[in-house]
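Working notes, structure below.
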Amino acid sequence: MNRELINIVEQMSRERGIPKEAIIATLESALLSAARKKYGISANINIKIDPKLGKISVNAFKKIVQKVTNPREEISLEDAVKLDPSKKVNDEVETPMNLVDFGRIAAQTAKQVLFQKVREAEIEAIYDEYKDKVGQIASGIVIRKEKGNYYVAIGRAEAVLSQKDTLPNETLKRGETIRVYIEDVKPTSKGPGIFLSRTHPNFVGGLFKMEVPEIYEGLVVIKNIVREPGDRTKLAVYSNNPTIDPVGACVGMKGTRVQSIVRELKGERIDIIPWTDDPRMLLIKALSPAAVEKIGINEEEKSAVVVVSDQQLAVAIGKKGQNVRLAIKLTGWDIDIISESEYAKMKADELQAIEIQEQPEKKEKTGKRIQARKDEQT
């Protein structure tokens, strides 16, 4: 039985990822609870399990008295000296107990407490494992869908992927393997709550880190990511190494790296932009794929006016303003976009306004010249 107990402990340790010592300590606690249920809370009992042999030692501390009135808590001096000759009246002596004395109810209690304690230890171990994985990418298998949530198995944990955190029009099937972003881990009464996302901007960043060795090694740095899930992502990248093209590294040979990520994102478009400290160049690149003709900036207010050709206006603004909206988020600048025809009209109106302002001055100067001639004649 003792060897069988150790085998069970070792198997449980392997399967649930709980240290063997923690399971033994839990078992000792469970047996102690069972003993106190049978003998009373006041019973001073100590239980130890040999982690190698599986031998269970149960001992009760009893007070040495001349005349025993409570056998569960007291022992006669005559019986005490047989266990320890140095003991005297009013001392305490450790007396061995028989596990069989626990009875069926006590054993059932021990079993229940053990399962509860092991479950608690398992929950704590899973929480400790995943709390440090927040912000990482994981692969998981869709288990089921309930009440608008997908439940995904990642490792030995079950995580939650809300429908709103999936890509637009994305329907996941049971048994499907997906990549997810671990957004948060919280302790709950039912175990660690692990919450996933496929819409978080950092999900794209994590995918690039997995696909692009230069990002993983820190040779290429992602400066910022903005995203409208399912439609478009803008990614600004930078490298301190002049021999490395950060955009080329992200795109990969013939676009293989970025195409792999686009497939994972179900066709979401990705604009990869080289980061620069020159605000003009950064704004121009951020409005990609539109071509910018002219740009004027106000560095103090971090605002810019961008002029594009009439044909490029729709591209620069994007569907429902998406392209310019993402460019504003990426750069942190306010951006106004106008077409060349609008710009030309503005310039014409400005020149006309200047001309109108100049007319009174011209009339005044002409009048002065005529009056001067009259004075000369007189």
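The numbers here are math on the coordinates, done by the rules we state, and not lab data. Please read all numbers here as calculations on a predicted model, not as lab measurements. Cβ sites come from the backbone with ideal geometry, for glycine too, and all protein chains shown count toward neighbours.
Here are some notes:
- Ignoring lysines fewer than eight residues from LYS147 along the same chain, the ones with Cα atoms less than 21 angstrom from its Cα are LYS164, LYS173, LYS186, LYS190.
- Nearest-20 debye value, the chain charge dipole, Cβ charges on Lys, Arg, Asp, Glu: 1360 debye
- Between GLN259 and ASN44, the simple spin-label model (points 7 angstrom out along Cα→Cβ) gives 7.8 nm.
- Kirkwood Rh (inverse of mean 1/r, distinct Cα pairs), the range 116-187, angstrom: 13.0 Å
- Helical mean residue ellipticity (222 nm; -39500 (n - 2.57) per DSSP H run of 4+; nearest 500) of the chain: -13500 deg cm²/dmol
- Charge-dipole axis of the chain as Lys and Arg at +1 and Asp and Glu at -1 on Cβ define it, positive-most pick from ILE297, VAL212, ALA327: VAL212
- Treating each Cα of the range 212-275 as an identical point scatterer and summing with the Debye formula, the log10 of I(q)/I(0) at q = 0.12, 0.20, 0.22 Å⁻¹ comes to -0.28, -0.76, -0.90.
- Cα convex hull of the range 148-204, projected area averaged across orientations, nm²: 4.3 nm²
- Packing-based ranking, highest mean first, of 283-293, 165-175 given that Cβ atoms within 10 Å are counted: 283-293, 165-175
- In a fully extended conformation the segment linking TYR238 and ASP349 would gain 35.8 nm over its present Cα-Cα distance, using 0.36 nm per residue.
- Both radii come from the Cα set of the chain: Rg as radius of gyration, Rh as Kirkwood radius; their ratio Rg/Rh reads 1.37.
- Partner lysines for LYS234 [C-alpha distance under 20 Å; skip if fewer than 8 residues away on the same chain]: LYS209, LYS223, LYS254, LYS266, LYS285, LYS302, LYS319, LYS320, LYS329
- Taking a straight Cα-Cα cut-off under 19 Å and skipping sequence neighbours fewer than 8 places away in the same chain, the aspartates and glutamates within cross-link reach of LYS82 are GLU73, GLU74, ASP91, GLU92, GLU94.
- Among ALA80, ALA25, ALA34, the largest mean-square fluctuation in a Gaussian network model of the chain, built with springs joining Cα atoms closer than 10 Å, belongs to ALA80.
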